[in-house]
1. Over region B:66-146, what portion of Cα pair distances is larger than 19 Å, expressed as a whole percent?
2. Could you pull out the longest piece of chain A with no exposed loop GluC sites (Glu not before Pro) in it, calling a site exposed if DSSP puts it outside H, G, I, E, B and it has at most 15 other Cβ atoms within 10 Å?
3. Can you list the residues of region B:164-178 with backbone N under 18 Å from a point 7 Å past the Cα of B:A199, pointing along Cα to Cβ?
4. Could you grab the relative contact order for region A:158-273? Cα pairs under 8 Å, six or more apart, rounded to a whole percent.
5. Among A:S118, A:I55, A:S284, pick out the residue whose Cα is farthest towards the positive end of the charge dipole of chain A, where Lys and Arg carry +1 and Asp and Glu carry -1 on C-beta, about the Cα centre.
6. Calculate how steeply helix B:211-226 sits against the longest principal axis of the alpha-carbon atoms of chain B, using the helix alpha-carbon long axis, and give the answer as 0 to 90 degrees to the nearest 10.
7. Considering every residue in A:250-256, what mean count of other chain Cβ atoms within 10 Å of its Cβ is obtained?
8. Which order results if B:D338, A:D39 are arranged by neighbouring Cβ count within 10 Å, fewest first?
Amino acid sequence: MKNNKKKYLGLLYISPWIIGFLAFQLYPFIASFIYSFADYSMLKPPVFIGLKNYIFMFTQDKTFYQSLKVTLLYTMTTIPVKITFALMVAMMLNVKIRGVNIFRTIFYIPSILGGSVSIAIVWRFLFMKEGLLNQFLSYFSIPPTNWLGNPDLTLYTISLLAVWQFGSSMVIFLAGLKQIPVSLYEASTIDGASRLKKFTSITLPMLSPVILFNLVMQTIYALQEFTSVFVITKGGPVKATYLYALMMYDEGFGYFRMGYASALAWIFFLIIMAITLIIFKFFSKRIYYGEGG
Amino acid sequence: MKRVTSLVLSILMMFAFAACSQQAAPESSQSSSVATVSSTPASSTSKAITLRFSWWGGDARHKATLAAFDKYTEINPNVKIIGEYGAYDGAYQKLVTQLAGGAAPDICQIDTGWRYDLSTQGDPFVDLYTMKDVIDLSGFDADILKRAGEYDGKLIGIPSGLTAETVLINKELAAKVGINGDSVLNWDNFIELGKKLQAIDKNYYLLNIERDSARIVFKAYIKQLVGEQWINADYTRNFDREVLIKCFELVKQFVDNKVIQPFEENSLFDGFKLQENPKWAKGEFAMVYIPGANLPSFKGVATYETDVIRPPIMDGAKSSGIIAQPSTIIGVNKLSVDTKEAVKFLSWFLNDKDSILILGTQRGIQPTVKGRQYLLDAGVVDKDLNKAVEIGLKNSCNLENVPSSNPEIYDIFEDAIQKVGFGKGTPEIVADETIALMDQKLKILKDAAVKK
């Protein structure tokens with residue numbers, strides 16, 4: 001009886017989360033799956049059409065492939081740079097010097113500001129032709145570049161915004177670095193190992209689970225990027241930054257095709273899952289989990 | 001005691017989660033009252049009523065509209081109007097989402113091109129013909145009401161102003177190449193003038209343009225070649241490959257001869273944000289081709305004198321390509337808290353002298369004869385807008401049919417113009433791609449239209 005009471009009390013404590021999960025995650029999850037098999041404009045009841053949305057997506061919609069290509073390119077550009085940068089900064093901040101906590105906070109701030117609309121607007125003004133960056137470059141007699149207007153450059157400029165928010169990855173790397181036993185470095189010093197050797201033979205292997213975690217999480221975030229392209233470029237110029245999330249938004253809220261947008265969302269869910277599994281598979285033999293791993 | 005406290009906190013958190021799912025605060029709203037939206041319409045009484053009105057526009061329009069609300073509340077103290085306003089960009093998607101969620105404002109400003117899709121998808125607006133006892137339609141031209149406000153025999157919105165596509169010129173810069181308020185342009189002398197201007201100063205361009213306004217310019221060109229509608233009512237193209245190639249060759253000529261700023265530079269102002277281009281404020285564009293209703297926001301930024309001229313029309317054109325029509329209509333949501341009061345307010349907003357004097361020409365020229373007279377008598381008529389509407393009405397082509405004004409067709413065309421502008425394809429290749437995409441899209445739209 002007492003155990004039942006405890007159980008119900010526990011459930012009561014977590015009930016806000018349960019209700020939130022049911023209402024705002026599970027219900028939309030299931031509803032979107034059902035809508036993906038329907039012609040649904042949001043203003044009228046859905047009409048079941050079977051697999052027509054999926055068939056159209058794979059056989060006729062050229063924008064689907066174009067958008068997927070842009071999204072994968074964006075992800076492959078952003079993730080290696082972001083993770084490398086985060087690791088470099090984490091290593092620099094893994095020292096006992098006065099004021100290191102202030103530096104850690106400063107480097108983390110961009111992550112807090114996050115993919116907000118205001119930051120995206122600031123980015124736009126920084127990188128426009130008359131923007132601050134070009135003005136700065138002009139002091140070195142470098143001619144202005146169209147960072148956001150040139151279709152060959154725009155995606156990388158947007159990618160830079162994501163890289164700038166490396167703080168959360170950095171903090172996780174920092175925590176991982178602190179877990180590496182100092183004795184390993186001491187032993188390697190005695191053996192005459194160089195700094196590079198220490199990095200490749202101790203730091204990287206010991207940090208491999210953390211690298212995998214950051215790689216998977218950041219890849220998922222990058223694939224779902226929306227705010228920056230919506231605010232800064234609207235997917236242009238010439239669809240050079242037309243990320244998948246923006247395409248779903250246009251289909252669902254711009255063209256009254258929420259059914260098709262739901263189908264796009266589900267296919268994207270499968271793609272993200274596949275990419276995640278590939279990452280796990282590739283890294284499975286390269287991850288060092290310690291004595292128990 | 002601890003358990004009771006925990007229980008109370010848990011319940012409060014549940015309500016906090018539930019509250020998160022309610023509509024977030026609108027982009028900008030001005031009122032100290034809380035909006036009350038119910039899902040069932042109520043009859044009008046003298047009880048306190050709060051109505052929500054959404055629109056888009058520039059700062060001047062926002063200010064004038066809010067002032068009109070205050071005036072109405074003075075006369076009807078039990079009625080409070082909350083404004084929900086912002087820029088045009090994203091306004092359509094926001095309205096669609098609100099309508100889908102049953103949380104749309106009581107009164108909505110709607111682009112005339114949106115009414116087809118909004119009406120066919122769900123019929124969310126009151127048929128104002130059924131409320132003639134509340135709203136005064138006598139001052140409105142029946143033909144304009146039919147052409148701009150009706151769908152399927154129902155009056156879903158009342159025009160809030162007349163406007164026409166026009167060319168606003170920077171008088172000083174335009175004069176350097178011999179353009180003045182009486183100039184008549186065609187596409188050939190357009191290019192010559194552009195070259196002349198560039199020869200004077202490499203920073204000067206003849207035409208301020210971006211992706212969305214480029215659609216207006218080059219669609220007009222196509223209509224001058226083929227006739228009143230560029231897409232037929234049966235969802236087939238009224239232009240062939242050769243016409244489209246000609247159009248894209250014109251785009252290329254504009255770019256190559258520097259009639260327009262390179263697309264790499266103007267693309268940041270996509271979405272009709274041309275007035276945000278610093279070069280416009282600096283007076284480095286001779287002209288801009290826009291819907292007349294946008295004139296105030298461009299003039300507001302310009303520090304130089306302006307005038308309007310007729311948009312370019314080619315010799316022997318089959319149609320002028322110039323659309324003179326109400327650019328926006330205002331409708332009442334069927335799920336309004338008080339439909340009758342909302343319609344009553346709308347009638348006052350568009351007919352009352354005080355309202356008209358406050359609103360001025362912020363939504364174009366007044367759509368009623370007496371409205372125009374009020375403004376003339378008060379000396380409150382923007383001379384450029386007035387001239388734009390006069391020129392437009394004199395040269396106007398027919399209003400566009402349903403498929404011609406479809407947003408997805410616009411997107412395909414705008415993408416194609418950008419592709420040519422960025423040099424990502426020759427006019428021939430881009431024309432072929434565009435035709436394939438458009439035909440595919442038109443088939444989908446036709447199938448969807450037939451189902452309804």
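1. Pairs farther apart than 19 Å: 53 percent.
2. Values: sites that count: A:E130, A:E291.
In short, A:131-290.
3. Hits in region B:164-178 for B:A199 at 18 Å: B:173-178.
4. Numbers: 60 pairs, mean separation 21.8, N = 116.
RCO, region A:158-273: 19 percent.
5. Comparing the listed Cα positions along the dipole, A:S284 ranks first.
6. With rounding to tens, the tilt is 60 degrees.
7. On the way: counts 4, 1, 4, 8, 7, 10, 10.
Shielding by partners across A:250-256 averages 6.
8. With the fewest neighbours first, B:D338, A:D39 line up as A:D39, B:D338.
Coordinate-derived values only; no laboratory data. Everything numeric here is computed off the predicted structure, so don't read it as measured data. All Cβ positions, glycine included, derive from the backbone under ideal geometry; neighbour counts span all protein chains shown.
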